[in-house]
Amino acid sequence: MALNGVKKETVLITGEGRLTFSIAACLLQSEYSVVLCTENKNEAKKNMAIHYTDLLRHTGQSFNRKQLEVTDILDTELHYKLVVAVTGEDVPGKKLLIRELERKLPAGSLIAVNTESIPLCILQEGARHPERVIGLNWTEPAHTTYFMEIIANAKNDSVLVKQLANEAKTYWGKDPYIISGELGIRAKMMAAMTREAFYLVEKGYASIEDIDRACRNDPGYYLPFAGNFRYIDLMGGAGAYGRVMKDLNPELSKSGKVPDFFTNAAQKPDGFKRNTGLYEYQEGDMEKWEETFREFSYRIKTIIDKYPFQYLK
C-alpha cells in the first residue's frame with residue numbers, strides 16, 4: 001500500500017468466505033502481494049484457484065500466484081501498513097480481532113473492517129489507536145465490481161482516509177466514496193428495499209419470484225448505468241417523481257421486524273449449499289448458479305467499463 005509513499009506494499013487480509021477470497025483476488029490482480037489469513041486454508045486455496053482460472057478465461061490476464069501466501073496463523077509481530085478484516089456482524093468478534101491486530105501491528109498501520117450495521121465508534125471503543133480503525137465495505141465479487149464504501153468519523157486521520165480512497169481508485173479498480181459518520185449507506189438503502197419486499201410478500205401482493213423479476217427487469221436494467229437520482233433526471237425530472245412519492249410514501253412499510261418466512265430460512269445454515277433457501281433447488285444447482293454468477297460478473301463489468309460514473313468528462 002502507498003500510505004507511506006511506497007507503492008504496493010504487502011496487504012494482510014483476514015477472514016472467511018467468498019467475499020474475503022474475492023478481495024484477495026482484487027488486490028492480487030492489481031499486482032499487490034497478499035497474505036491471506038483464514039481458518040480454512042484448503043477452501044481458500046480452492047477459491048483462489050477458481051479466481052485465477054476465471055480471470056485468465058475472461059480477461060486473458062491473471063495474478064501472480066507467487067504473490068499470495070495463505071496461512072491460518074497470525075504472527076506474533078506484524079509489519080503491514082494495511083490490514084483488511086472481514087468478519088460477521090458481531091461486535092465482540094470484531095473488537096477482539098481489532099485488539100489482537102493492534103497488539104501485533106505498528107502504531108501507524110490502518111485497520112479496515114467491514115461493518116454494515118455496527119457504528120464505527122463502537123468498534124473504536126477501547127482501541128489503542130482509534131484513529132487507525134475505519135470501516136471498509138466491499139461487495140462480492142470484489143475483483144469484478146467498482147463498489148467500495150469507506151466509513152470514517154471525527155476520530156480518524158483524514159489524511160490516511162483520503163490516501164486509502166486514492167489508493168483504491170488508482171490501483172484497485174474501485175470507484176470509492178467516503179462516508180463521514182458511523183454507518184455506511186449501502187446497507188441502509190438495501191434494507192429499505194428489502195423491508196418493502198418483505199411487506200409485499202407477507203401481505204400476498206406479490207411472490208418472491210415477482211419481487212425478483214421486478215427488481216431485475218426495472219432497476220436492474222438501469223442501475224449499472226446510473227444511480228436513482230441520475231435516472232430520475234433522465235426520465236423527466238424530480239417533479240413527476242415527487243408527486244408519485246408524495247402519495248406513495250405513506251403506504252410504504254414501516255415494520256421493525258423480520259417476517260417469519262425469512263427468519264425460518266435464515267435459521268438453515270448454508271441453506272443454498274444444501275439446496276434449500278428462499279427458492280427450491282435441486283442437487284447440483286448451487287454449483288451452476290455460482291458458475292453462472294461468476295461469468296455474469298465479468299460480462300456486466302465490460303458493459304459498465306464503457307460507461308463510467310462520470311462518463312461525459
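Odds and ends about this structure:
- Over 17 Å [Cα-Cα, the range 187-265], rounded percent: 58
- Its relative contact order, with pairs defined as Cα atoms under 8 Å and 6+ residues apart, puts the range 1-105 at 33 percent.
- Assuming charge only on the beta carbon of Lys and Arg (+1) and of Asp and Glu (-1), the dipole of the range 33-156 about its Cα centre is about 360 debye to the nearest 20.
- Principal semi-axes in Å for the range 62-148 [√(5λ), Cα gyration tensor, largest first]: 22, 19, 12
- Taking Y199, Y281, Y52 as the candidate residues, the one with maximal mean-square fluctuation in a Gaussian network model of the chain, Cα springs under 10 Å, is Y281.
- Bridge type composition, the chain - antiparallel percent by DSSP, nearest 5: 10
- Magnitude of the charge dipole for the chain, about its Cα centre and with charges confined to Cβ atoms of Lys, Arg (+1) and Asp, Glu (-1), is about 820 debye.
- Counted charge near A44, where neighbours are those whose Cβ lies closer than 13 Å (Asp, Glu -1; Lys, Arg +1): 0
- In terms of overall dimensions, the C-alpha atoms belonging to the chain reach 57, 48, 43 Å along their principal axes, ordered largest to smallest.
- Extension gain, R103 to D157: 0.36 nm times the residue separation minus the Cα-Cα distance gives 17.5 nm.
- For the set K8/K45; K45/K66; K188/K257, the pairs lying more than 20 angstrom apart at their alpha carbons are K8/K45.
- In this Cβ point-charge picture (+1 for Lys and Arg, -1 for Asp and Glu), the range 121-276 has a dipole of about 160 debye about its Cα centre.
- Couplings 3J(HN,Hα) for the range 252-259, derived from phi with the Karplus relation 6.51 cos²θ - 1.76 cosθ + 1.60 (θ = phi - 60°), are 6, 5, 10, 4, x, 10, 8, x Hz, where x marks Gly and Pro.
- Inter-probe distance in nm under a simple model that places probes 7 Å from Cα toward Cβ, at A192 and E283: 4.6
- Helix runs (DSSP H) in the chain reaching 15 Å along axis by Cα, Kyte-Doolittle at least -0.5: 17-29, 158-170, 186-202
- Counting only residues at least eight positions apart within a chain, or on another chain, the aspartates and glutamates with an alpha carbon under 16 Å from that of K254 are E196, E202.
- Adding -39500 (n - 2.57) for every DSSP H run of four residues or longer, then dividing by how many residues the chain holds, sets the calculated 222 nm ellipticity at -14000 deg cm²/dmol.
- Here's the picture: charge each Lys and Arg Cβ at +1 and each Asp and Glu Cβ at -1 in the range 192-313, and of I300, G284, F261 the one pushed furthest to the positive end of that dipole is I300.
- At a probe radius of 1.4 angstrom, the accessible area of the range 154-291 per residue rounds to 72 square angstrom.
- 23 Å Cα-Cα reach of K306 towards lysines, excluding residues that sit fewer than 8 places from it in its own chain: K169, K174
- Residues whose amide H comes within less than 5 Å of that of K8, counting only those at least five positions distant or on another chain, are A2 (H built at 1.01 Å from N in the peptide plane).
- Net charge over other residues, Cβ less than 10 angstrom from the Cβ of I178 (K, R count +1; D, E count -1): 0
The values are calculated or read from the model by the stated rules, or taken from the named source; none is laboratory data. Note that the coordinates shown come from a computational prediction; the quantities given were computed from them, not determined experimentally. Ideal geometry is used to build each Cβ from the backbone, glycine not excepted, and the neighbour counts take in all protein chains shown. Please note that ligands, DNA and RNA were not included when accessible areas were found on the heavy atoms of the full protein model with its side chains. Shrake-Rupley method; radii C 1.70, N 1.55, O 1.52, S 1.80 Å.
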